[in-house]
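Chemist: This is the structure I want to talk about, given as structure tokens.
The values are calculated or read from the model by the stated rules, or taken from the named source; none is laboratory data. These numbers were taken from a predicted model, which means no experiment stands behind them. Here Cβ is always computed from backbone atoms with ideal geometry, including for glycine, and neighbour counts include all displayed protein chains.
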Amino acid sequence: MRTGTIKQILLITDGCSNYGENPIPMAGIAKEHGITVNVIGVMQHDVIDENGMREIESIAEQGGGVSQIVYVQSLSQTVQMVTRQAMTQTLQGVVNRELKQILGSNTTIEDLPPEKRGEILEVVDELNETVDLEVIVLVDVSGSMKPKLPTVKEALLDLSLSLNARSGNNLFSVFVFPGKSNYVEKLLDWTPKLETLTSVFSKLSAGGMTPTGPAIKEAIHYFNQKHSVRGLLSNHDEEYFEESV
Amino acid sequence: MKNTLKSPFNISIGTVIQGKWHQNKYVIMKELGRGAIGVVYLAEWNQKKVAMKLSDNNMTITSEVNVLKSFRKAQGVTLGPSLLDVDDWVTATGTFSFYVMEYIEGFQFLNFIKQNGRTWIDMFILQLLSDLSKLHTHGWVFGDLKPENLIVTGPPIKIRCIDVGGVTPQGRAIKEFTEFFDRGYWGLGSRKAEPSYDLFAVAMILINMYYPQRFQKNGDSLTFLKSKIKQVPELKEYYSLLIKALSGHYKNADEMRKDYLQVLSKKRMNVPQSSPTQMSGFSRRRQKKYQMTGPSGSSSFHLAKMKNRNLKRKQRKRTGLIESIVLLVLISFLYFMYIYQFI
């Protein structure tokens with residue numbers, strides 16, 4: 001059975017966007033493309049300001065994903081947890097949609113008695129294990145993020161470790177914003193292993209602005225490019241899971 | 001759809017929770033614990049104490065219920081708490097899923113050790129290893145194995161695993177873990193659910209007993225952990241066993257258990273050798289425990305004594321050798337002096 005592909009954007013940031021498009025509608029557009037947007041807000045000792053927190057939650061909500069605010073120390077655990085949680089959510093969405101088709105318009109997993117849920121979960125678990133996953137990681141490297149970047153790198157290696165324990169395939173790509181010459185810069189092209197990231201973070205120079213919106217836009221574009229290229233090469237339809245609420 | 005992972009609920013004591021499907025009524029008595037996903041409460045049902053896990057994530061609840069159910073199928077094995085009920089609680093703010101399990105009364109593992117001493121550790125690790133062996137034979141891996149998920153019940157004193165949130169079918173990816181006990185964090189293996197994943201955690205639990213504050217990774221993990229083990233004399237006795245477990249050389253829990261028993265019997269032999277001045281309260285207590293062990297224990301205790309005597313004889317032999325060498329040298333020196341006179 002071909003199980004299709006889950007597409008995610010993972011945004012790691014520590015505050016408000018201040019340049020370019022509003023990231024919230026951008027996240028909405030991503031969702032329309034079948035891409036889930038997850039956001040992780042990283043704190044050091046300071047507290048993220050109210051506005052930043054609201055933006056983080058709104059981006060994830062609009063992007064159909066999961067958001068979490070964490071201290072930099074617990075980043076590793078959170079990154080993998082958020083990613084997996086979002087995968088489950090997406091798959092649950094798919095299962096819910098199927099259920100609606102079979103059982104009528106308003107049936108979701110929650111409407112089934114607990115006994116029946118167990119069986120459905122087995123299916124979701126199985127999919128979680130075998131589904132292919134594509135993640136674009138967007139890392140905010142603006143000024144205040146600089147001391148947190150080594151931990152971000154650690155967290156991404158950890159994510160790769162967690163996801164590669166599954167039997168499904170993974171593809172990762174890493175973008176940073178702002179880039180040296182552009183709003184967004186690609187650090188790492190599609191690869192199944194984030195371990196190749198080891199050296200690339202060191203040559204970053206963290207700048208002042210935070211173009212979160214343009215970064216999400218670029219990620220969507222990059223996803224589409226990949227799939228259109230692949231569509232040209234291979235003739236069969238790409239099957240992917242679309243988020244449905 | 002929820003977009004955050006935090007558990008927002010705070011249920012006040014005395015709240016009555018009635019299930020939507022089975023209509024059972026539970027009175028909340030106390031909060032027992034709070035995890036990343038969900039809260040565990042002590043509740044009363046039909047004048048009986050039960051434990052209830054509530055979460056806004058119904059899939060997590062369902063997944064844990066699945067695990068508990070399959071444990072129930074494994075007859076006669078107490079791998080986790082037994083499952084009593086699964087239901088939904090409908091409130092004005094939303095529907096929460098919950099399951100009800102037997103309430104295992106006991107001490108937190110770490111508290112128990114703090115109060116009763118490290119003498120108990122060996123027994124608990126052995127109990128844990130045989131439980132894990134059963135769990136693994138049934139095709140599961142515990143996953144999030146750490147002292148916080150262990151509880152001590154009894155008498156007879158027995159260690160039990162309480163949180164089945166991390167239990168994963170073998171071959172799948174581990175979904176819940178704690179860094180210190182996770183071999184992935186230390187770069188010493190994958191996060192695939194296999195018996196050796198749990199055995200790594202057992203080794204870390206033992207290390208944790210002597211490093212209650214725990215520590216973070218630092219450079220090459222195996223070298224670093226080796227040095228940490230060597231720094232504690234009590235841990236050093238388990239050195240090769242720990243290294244084997246940490247580097248994933250044990251294929252199953254029984255193998256590790258066998259080695260563990262071997263370490264213990266070696267330790268027993270070492271006890272009479274240590275001089276009385278060196279014997280702190282801790283090891284004296286340990287010695288007393290050995291003497292209390294049954295007939296089989298005392299025989300090997302006897303063996304240890306005999307070994308000790310042999311050793312002493314060997315030592316005596318050695319001093320004799322030194323004596324004769326000294327005498328020989330002295331005599332040849334005198335003889336030389338004697339000869340020298342004639343030259």
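Yes or no, residue by residue, for (1) within 14 Å of chain A (Cβ to nearest Cβ); (2) within 22 Å of the chain's Cα centre (by Cα); (3) over 18 Å from B:M29 (Cα atoms):
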position: B:A51; (1), (2), (3): no, no, no
position: B:T60; (1), (2), (3): yes, no, yes
position: B:P81; (1), (2), (3): no, yes, yes
position: B:V100; (1), (2), (3): yes, no, no
position: B:G106; (1), (2), (3): no, yes, no
position: B:D131; (1), (2), (3): no, yes, yes
position: B:H136; (1), (2), (3): no, yes, yes
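Chemist: Looking only at helices (runs of 4 or more DSSP H) that lie completely in the stretch B:143-253, which have at least 1 residues being free of Cβ contacts under 8 Å to residues at least 24 places away in the same chain and out of contact with any Asp or Glu (no Cβ under 8 Å at 6 or more places or on another chain)?
Modeler: Details: elements: B:195-210, B:221-230, B:233-236, B:239-246.
Result: B:221-230, B:233-236, B:239-246.
Chemist: Of the numbered conditions (1) in contact (Cβ under 8 Å) with a residue 40 or more places away in the chain; (2) of a type in the set (V, I, T); (3) under 25 Å from A:M81 (Cα atoms); (4) surrounded by 18 or more Cβ atoms within 10 Å (Cβ to Cβ), B:V39 satisfies every one except a single condition; which is it?
Modeler: Here B:V39 clears every test but (1).
Chemist: Turning to a different aspect of this structure: Within the stretch A:61-75, track down each residue that is more than 7 Å from chain B (Cβ to nearest Cβ), among the polar types (S, T, N, Q) and surrounded by 19 or more Cβ atoms within 10 Å (Cβ to Cβ).
Modeler: Hit for the stretch A:61-75 is A:Q62, nothing else.
Chemist: Looking at this structure, is A:I120 within 30 Å of A:T13 (Cβ to Cβ) and within 12 Å of chain B (Cβ to nearest Cβ)? Spell out how you get there, then give the answer.
Modeler: On the way: within 30 Å of A:T13 (Cβ to Cβ): no; within 12 Å of chain B (Cβ to nearest Cβ): yes.
Against the criterion (within 30 Å of A:T13 (Cβ to Cβ) and within 12 Å of chain B (Cβ to nearest Cβ)), A:I120 does not qualify.
Chemist: Shifting gears a bit: Can you tell me which residue is nearest to B:L68 (Cα to Cα) among those in the stretch B:79-118 that are surrounded by fewer than 20 Cβ atoms within 10 Å (Cβ to Cβ) and of a type in the set (S, T, N, Q)?
Modeler: Among those that are surrounded by fewer than 20 Cβ atoms within 10 Å (Cβ to Cβ) and of a type in the set (S, T, N, Q), it is B:S82.
Chemist: Could you check, for the stretch A:98-113, whether at least one of its residues is touching a Phe, Trp or Tyr at 6+ places or on another chain (Cβ under 7 Å), assigned to a helix (DSSP H, G or I), away from chain B (no Cβ under 12 Å) and over 22 Å from A:T13 (Cβ atoms)?
Modeler: Narrowing the stretch A:98-113 to residues touching a Phe, Trp or Tyr at 6+ places or on another chain (Cβ under 7 Å): A:113.
Keeping just the survivors that are assigned to a helix (DSSP H, G or I) gives none.
No, the conditions are met nowhere in the stretch A:98-113.
Chemist: If you don't mind, another one. Within the stretch B:190-218, how many residues are among the small types (G, A, S) and away from chain A (no Cβ under 14 Å)?
Modeler: Initially, the stretch B:190-218 is screened for residues among the small types (G, A, S), giving B:190, B:193, B:196, B:201, B:203.
Next, only the ones that are away from chain A (no Cβ under 14 Å) stay: B:201, B:203.
Result for the stretch B:190-218: 2.
Chemist: Shifting gears a bit: Please pick out the residue among B:V86, B:V90, B:V65 that is in contact with an Asp or Glu (Cβ under 8 Å, 6 or more places away or on another chain) and within 14 Å of chain A (Cβ to nearest Cβ).
Modeler: Values: B:V90 fails: in contact with an Asp or Glu (Cβ under 8 Å, 6 or more places away or on another chain); B:V65 fails: in contact with an Asp or Glu (Cβ under 8 Å, 6 or more places away or on another chain).
None of the other options fit; the residue is B:V86.
Chemist: Under the condition of being among the hydroxyl-bearing types (S, T, Y) and surrounded by fewer than 20 Cβ atoms within 10 Å (Cβ to Cβ), which residue from the stretch A:161-182 is farthest from the chain's Cα centre (by Cα)? Break it down stepwise before answering.
Modeler: The initial filter retains those residues of the stretch A:161-182 that are among the hydroxyl-bearing types (S, T, Y), namely A:162, A:167, A:173, A:181.
Still in the list and also surrounded by fewer than 20 Cβ atoms within 10 Å (Cβ to Cβ): A:167, A:181.
Numbers: A:S167: 19, A:S181: 25 Å.
Result: A:S181.
Chemist: Search the stretch A:31-52 for residues that are within 13 Å of A:I12 (Cα to Cα) and pair each with any residue that is modelled with pLDDT under 80 when their beta-carbon atoms are under 6 Å apart and the residues are at least 6 apart or on different chains.
Modeler: A:G41/A:I48; A:G52/A:G15
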